[in-house]
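The values are calculated or read from the model by the stated rules, or taken from the named source; none is laboratory data. Because the structure is a prediction, the values reported are computed rather than measured. Neighbour counts run over all protein chains shown; Cβ positions are idealised from the backbone, glycine included.
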Amino acid sequence: MKKIGLLTRDCAGVNAAIRSVVRSAVCCDIDVAGVLRGYDGLIDGDVIPLDRQSVSGIINRGGTMLKTARSQRFCTEQGQKQAVETIRNNNIDGLIVIGGNGSLTGAHLLATRYGIPVVGIPATIDNDVNGVDLTIGADTAINVALDAVDKIRDTVSSLERIFIVEVMGRSCGYLALQVALAGGCEEVLLPEQGFDVEMMCNEIVAGNTHGKTSWIIIVAEGTAKAQDIAAMITGKTGLETRVAVLGHIQRGGAPSAIDRILAARLGNFAVEVLLDGATDCCVGLKDDRLITIPLEVAIQHKKLEVESFYKLIKILT
Ligand code: F6P
């Protein structure tokens with residue numbers, strides 16, 4: 001193997017992972033071709049050479065220096081064939097894909113349908129890559145959301161209000177659950193669970209009669225709209241509510257130390273296993289050990305441990 005390609009999605013820590021991949025490869029005299037704009041760039045042949053110098057000064061920057069896109073074209077056979085042509089035309093012997101479920105599904109397809117040697121590095125704020133403990137970007141996102149919740153708490157408790165904070169997570173409540181526990185929030189609504197507005201309102205009213213004066217309810221994006229939850233609570237209790245939708249600020253920002261360290265370790269390990277001949281797999285940390293798992297397993301649904309967390313949130317509020 002003489003040249004590897006590198007394709008990314010975005011979240012905090014991805015630049016640190018790019019740096020680790022590039023410098024680890026350079027150390028082994030391997031060239032690196034950076035693919036711009038994710039799978040769209042792979043289809044269009046947008047590839048740039050990356051060397052030790054080109055990844056300097058990015059370890060602390062959010063996003064991805066390679067840019068990214070949600071590619072519709074890669075879902076078509078024509079798009080996939082064009083992507084494979086780019087790989088062949090640029091003499092790319094193996095590909096490292098940094099991203100979440102969608103990116104890793106694409107990587108699995110390139111390996112199985114087109115025989116491209118591919119290794120994935122899990123990076124998504126959702127932490128929903130099956131088989132690994134933590135994905136790059138999740139820790140930073142928790143801290144960004146937590147910082148916002150702490151600030152909201154200052155005003156919530158001053159004004160004695162009910163606040164509904166919507167965090168990211170279309171089909172996964174990981175971020176919501178962690179933020180609710182770390183932020184001392186009263187309730188959390190997850191896509192993995194149904195929710196009972198009636199019961200929640202009864203709890204709020206009962207709490208208020210016992211002297212509780214403020215509430216922060218975390219709702220994951222994929223559960224329901226924060227505005228709708230707020231309207232339902234006000235409608236049923238007559239109490240004043242406010243809403244904050246945190247949105248994409250959670251996916252940006254300087255990566256935390258945990259994400260940078262994870263990115264450094266996984267980037268280096270991905271190069272190592274790719275050069276060793278591994279393919280159609282994803283690197284990750286499990287119980288603080290570097291492991292590889294088949295991409296087929298990594299992209300399966302990851303079960304979120306809800307019950308014990310939810311119980312703890314309720315005990316502690
Ligand atoms: O998968 C990561 C994620 O940030 C989810 O939490 C969120 O639901 C989704 O991506 C948002 O996607 P987009 O940036 O395309 O709107």
(request) For Glu166, work out the one condition from (1) out of contact with any helix residue (DSSP H, G or I) (no Cβ under 7 Å at 6 or more places or on another chain); (2) closer than 19 Å to Gln227 by Cα; (3) within 14 Å of the ligand (Cβ to nearest atom) it doesn't fulfil. (result) (1)
(message) Need a quick list: helices (runs of 4 or more DSSP H) entirely within segment 138-225 having at least 2 residues that are of a type in the set (Gly, Ala, Ser) and surrounded by fewer than 22 Cβ atoms within 10 Å (Cβ to Cβ).
(response) 138-159, 197-209
(request) Answer yes or no: is there a residue in segment 172-194 that is at pLDDT below 95, out of contact with any strand residue (DSSP E or B) (no Cβ under 8 Å at 6 or more places or on another chain), of a type in the set (S, T, N, Q) and away from the ligand (no atom under 15 Å from the Cβ). (result) yes
(request) Please state which of the following conditions Ala123 fails to meet, knowing it meets all the rest: (1) in contact with a Leu (Cβ under 8 Å, 6 or more places away or on another chain); (2) more than 21 Å from Gly207 (Cβ to Cβ). (result) (1)
(message) Consider segment 157-169. How many of its residues are closer than 12 Å to Leu239 by Cα and under 29 Å from the mean Cα position of the chain (by Cα)?
(response) 2
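For (1) buried (at least 16 other Cβ atoms within 10 Å of the Cβ); (2) in a loop (DSSP other than H, G, I, E, B); (3) small (Gly, Ala, Ser), each residue gets a yes or a no:
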| residue | (1), (2), (3) |
| --- | --- |
| Arg265 | yes, no, no |
| Val271 | yes, no, no |
| Leu274 | yes, no, no |
| Ala278 | yes, yes, yes |
| Leu290 | no, no, no |
| Glu305 | no, yes, no |
(message) I'd like to check something: does segment 147-156 contain any residue that is more than 12 Å from the ligand (Cβ to nearest atom), more than 13 Å from the chain's Cα centre (by Cα), of a type in the set (D, E, K, R) and closer than 16 Å to Ile229 by Cβ?
(response) no
(message) Please determine whether any residue of segment 237-258 is more than 16 Å from the ligand (Cβ to nearest atom), without any contact (Cβ under 8 Å) to a residue 12 or more places away in the chain and either within 13 Å of Ile142 (Cβ to Cβ) or not acidic (Asp, Glu) (or both).
(response) yes
(request) Please state which one of Gly207, Gly131 is closer than 30 Å to Cys75 by Cα and not acidic (Asp, Glu). (result) Gly131
(message) Given (1) closer than 22 Å to Ala220 by Cα; (2) more than 16 Å from the ligand (Cβ to nearest atom), identify the lone condition not met by Val84.
(response) (1)
(request) Examine segment 151-163 for a residue that is in contact (Cβ under 8 Å) with a residue 60 or more places away in the chain and among the hydroxyl-bearing types (Ser, Thr, Tyr), and state whether such a residue exists. (result) no
(request) Specify which of the listed residues (Asp93, Asp128, Asp147) is closer than 20 Å to Gly13 by Cα and out of contact with any Cys (no Cβ under 6 Å at 6 or more places or on another chain). (result) Asp147
(request) Output yes when any residue across segment 205-221 is at pLDDT 95 or above and among the hydroxyl-bearing types (Ser, Thr, Tyr), and no when none is. (result) no
(request) Taking the options Asp31, Asp44, Asp40, name whichever one is more than 22 Å from Val132 (Cα to Cα), out of contact with any Leu (no Cβ under 9 Å at 6 or more places or on another chain) and acidic (Asp, Glu). (result) Asp40
